[in-house]
Amino acid sequence: MSKITGAQMIINCLKQEGVEVIFGYPGGKVIPLYDALYDSDIKHILARHEQGAAHAADGYARVTGKTGVCVSTSGPGATNLVTGIANAYMDSIPMVAITGQVSTSEIGTDAFQEADITGITAPITKHNYLVKDVKMLPSIIKEAFYIASTGRQGPVLIDIPVDISQAMVDENITAEIDLPGYKPTYKGNQKQIKQAAKKIFESKKPVIFSGGGVISSGASQILTEFAGKAKIPVITSLLGIGSFPEHNPLSLNMAGMHGTKYANIAFTETDLIIAVGARFDDRVTGKVAGFAPHADIIHIDIDPAEIGKIVNTIIPIVGNAKDVLADLSQRFFELDNKKSMDRKKLWIDFLMDLKQKYPLMYDKDSPNLKPAYIVEKIYEVTKGEAIICTEVGQNQMWAAQFYNYTKPRTFVSSGGLGTMGFGLPSAIGAKTGRPDKTVIDIAGDGSLQMVSQELATAVSNNIPIKIMLLNNGYLGMVRQWQELFFNKRYSHTCIRECVDFVKLIEAYGGVGIRVTDKNQVEKAIKEAVNLDKVVLVDFWIEAEENVYPMVAPGAPINEMLEWKY
Ligand SMILES: Cc1ncc(C[n+]2csc(CCOP(=O)(O)OP(=O)(O)O)c2C)c(N)n1
């Protein structure tokens, strides 16, 4: 039997998993892997920092539904991946991270560039491996991809000592998956589904709460059909954005700290929440004791650990959102449809009224450059067809509020971890996965500076993303809290005039456009979108603009600070 190196085996295994692109950064302990990559047709995108590689793999996974792959060397390379891995873990994104490690004989000796990355990442991976025998590579890699992409998805790390990559192994050894303790449940319990259908049928004021699990399981279409036919309004979490078309009258948009007033009132008034693939994050519930005081909760989730974790549930259903919704919908429509709708009519009328009464607002007549106006214009110019990635902060909330998302996998944002610097590299990953789409990073000036080196990645790999920088000269979201709750004491949040972003993108070889006037907004967005280049539009927005509505930390979600008319 012919022999190959461990590194060549890794490449063969990745190809077997259908991997077309990996994001990475080389170093001593992965040189053998990079050497094998040299002869392979797997595309490699060289990031400029391992965190960028991890976020790019994450963005790629979010828009394609495939497992994203990132690679780094041992020690500092591996620890630089940590934020990206934690980010993927919190948002349940399928990712395989491959790290180099010092030789097996050196492990535990504080060898040069040694870090115990399996120890470090144990709490932020679904599973991780240290490969000790080259013959184990095929089965470990197969298992890693299987675990990352099934059940509740998430990151898996494979740490590979350099001598394992260099060792010789039979080319044809076969890999078997044997994971007796890991059997995700896809089909929900039929008795509970029947009970849930009856409960929905009887309720007068139901809402569906749709989370990221709806998108990752491919349940958006079934959800949309079910909600539409059963006439049940839909509220999303941040990660659920795109799971239900926002132009549908039944959409109540996003709830929570910066959600719509009508979604938050709906949660407060509802008698039944049907939560699907959503985990009741504190940004949604506000003060848990005051959350949805009149509601019974049906919770559908692939991860049993999520059910009952934050809120009490009367009907728990463990399963895949797509399978469970299909069964639930069938059961529901076996009941008397008309009776159910008559019961819910007042509720729908009430919510439609609220939507009219409390739309998302900003001062449209202001001559100043308003971020909400810019996001609306981005929506108009791209006709709602772009993939929008975001940084973290006010920019993220304006991007969530004022672009109208109609399809799953078009809104890419760091939900659970709230990672500044996620937007630019995730946009690189998203554009790599969906080259046919316009990919835009709606950015803040603080976040962008955390990863601005990735501008080089985009330019040098010809990945023509568009960065729409809402430049307020502040760490805006923190400044907003300081304004509202710390008496305007802006302690270390002013970052004005620290960098000329137009010159910065030009230095990297991209195109920069500065916009200081409202009248230039549309033209600049059009120009950026139509150029086949990396473009950064530096919008000098009104510095102290706030995101409204807002629930103060610790308050119930129906008590919202609002934009003053
Ligand atoms: C890595 C990281 N560090 C700190 C924070 C805390 N934080 C949340 S929002 C924010 C300000 C973001 O500023 P900017 O990127 O300029 O966006 P803006 O809010 O102004 O739109 C900070 C510091 C974070 N979320 N992530």
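The values are calculated or read from the model by the stated rules, or taken from the named source; none is laboratory data. The shown structure was predicted, so the numbers you read here are calculated from the model rather than taken from an experiment. Counting neighbours? That spans all protein chains shown, and the Cβs are built from the backbone with ideal geometry, glycine included. To get the accessible areas, we keep the full protein, side chains included, count just its heavy atoms, and leave off ligands, DNA and RNA. Shrake-Rupley method; radii C 1.70, N 1.55, O 1.52, S 1.80 Å.
General observations
- Here the stretch 468-489 is the region considered, the condition is being among the aromatic types (Phe, Trp, Tyr) and within 12 Å of the ligand (Cβ to nearest atom), and the residue that is surrounded by the fewest Cβ atoms within 10 Å (Cβ to Cβ) is Trp481.
- A Cβ distance below 8 Å, combined with a sequence gap of six or more or placement on separate chains, defines the contacts here; from the stretch 385-409, residues that are at positive phi reach residues that are in a helix (DSSP H, G or I) and open to solvent by 30 Å² or more (accessible area, probe 1.4 Å) in the pairs Gly393/Met477; Gly393/Val478; Arg409/Thr64.
- Looking across the stretch 535-565, the residues that are at pLDDT 95 or above, open to solvent by 10 Å² or more (accessible area, probe 1.4 Å) and of a type in the set (Phe, Trp, Tyr) come down to Trp540, Tyr548.
- Residue in the stretch 521-537 that is touching a Pro at 6+ places or on another chain (Cβ under 6 Å), acidic (Asp, Glu) and over 24 Å from Met450 (Cα atoms) present: yes
Rundown of residues vs (1) more than 20 Å from His258 (Cβ to Cβ); (2) out of contact with any Ser or Thr (no Cβ under 6 Å at 6 or more places or on another chain); (3) not acidic (Asp, Glu), yes/no style:
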| residue | (1), (2), (3) |
| --- | --- |
| Ile387 | yes, no, yes |
| Ala400 | no, yes, yes |
| Gly429 | yes, yes, yes |
| Thr438 | yes, no, yes |
| Ala456 | yes, yes, yes |
| Ser460 | yes, yes, yes |
| Asn472 | no, yes, yes |
| Ser491 | yes, yes, yes |
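- Residue within the stretch 62-71 that is of a type in the set (Lys, Arg), farther than 23 Å from Met168 by Cβ and out of contact with any Pro (no Cβ under 9 Å at 6 or more places or on another chain) present: yes
- Within the stretch 124-138, the set of residues being of a type outside the set (Asp, Glu) and open to solvent by 20 Å² or more (accessible area, probe 1.4 Å) comprises Ile124, Lys126, His127, Asn128, Tyr129, Leu130, Lys132, Lys135, Met136.
- Single match in Asp500, Asp532 (criterion: in contact (Cβ under 8 Å) with a residue 12 or more places away in the chain and among the charged types (D, E, K, R)): Asp532
- Only one of the numbered conditions (1) hydroxyl-bearing (Ser, Thr, Tyr); (2) surrounded by 24 or more Cβ atoms within 10 Å (Cβ to Cβ); (3) within 24 Å of Gly6 (Cα to Cα) is violated by Thr109, and that is (2).
- Tyr508 falls short on exactly one of the conditions (1) away from the ligand (no atom under 14 Å from the Cβ); (2) in contact with a strand residue (DSSP E or B) (Cβ under 8 Å, 6 or more places away or on another chain); (3) closer than 17 Å to Val537 by Cβ, and that condition is (2).
- The set of residues from the stretch 371-384 being open to solvent by 20 Å² or more (accessible area, probe 1.4 Å) and on the phi < 0 side of the Ramachandran plot comprises Tyr373, Glu376, Lys377, Tyr379, Glu380, Val381.
- Filter pass, Gly212 being of a type in the set (Gly, Ala, Ser), in contact (Cβ under 8 Å) with a residue 40 or more places away in the chain and closer than 30 Å to Gly6 by Cα: no
- When the stretch 44-57 is filtered for residues that are open to solvent by less than 40 Å² (accessible area, probe 1.4 Å) and assigned to a loop (DSSP other than H, G, I, E, B), only Ala47 remains.
- Residue selected from the stretch 438-467 under the condition within 11 Å of the ligand (Cβ to nearest atom) and surrounded by fewer than 24 Cβ atoms within 10 Å (Cβ to Cβ), by the criterion farthest from Ser414 (Cα to Cα): Gln449
- Taken across the stretch 413-434, residues that are in a helix (DSSP H, G or I) and near the ligand (Cβ under 8 Å from one of its atoms) do not occur at all.
- Going through (1) within 30 Å of Ser2 (Cβ to Cβ); (2) under 21 Å from the mean Cα position of the chain (by Cα) one by one, Thr125 falls short only on (1).
- The single condition from (1) over 26 Å from Ala552 (Cβ atoms); (2) part of a loop (DSSP other than H, G, I, E, B) that Pro316 fails is (2).
- Members of the stretch 520-529 that are of a type outside the set (S, T, N, Q) and open to solvent by 60 Å² or more (accessible area, probe 1.4 Å): Glu522, Lys523, Lys526, Glu527
- Unmet criterion (only one of (1) on the phi < 0 side of the Ramachandran plot; (2) touching a residue at least 12 places away in the same chain (Cβ under 8 Å); (3) not in a loop (DSSP other than H, G, I, E, B)) for Gln330: (2)
- Selection count where residues are of a type in the set (Val, Ile, Thr) and open to solvent by 50 Å² or more (accessible area, probe 1.4 Å), scope the stretch 58-81: 1
- Any chance Asp41 is in a loop (DSSP other than H, G, I, E, B) and open to solvent by 10 Å² or more (accessible area, probe 1.4 Å): yes
- When residues of the stretch 381-412 are limited to those that are more than 20 Å from Ala528 (Cβ to Cβ) and basic (Lys, Arg), the one farthest from the ligand (Cβ to nearest atom): Lys407
- Restricting Asp517, Asp532 to residues that are closer than 18 Å to Ile465 by Cβ and open to solvent by 30 Å² or more (accessible area, probe 1.4 Å) narrows the list to Asp532.
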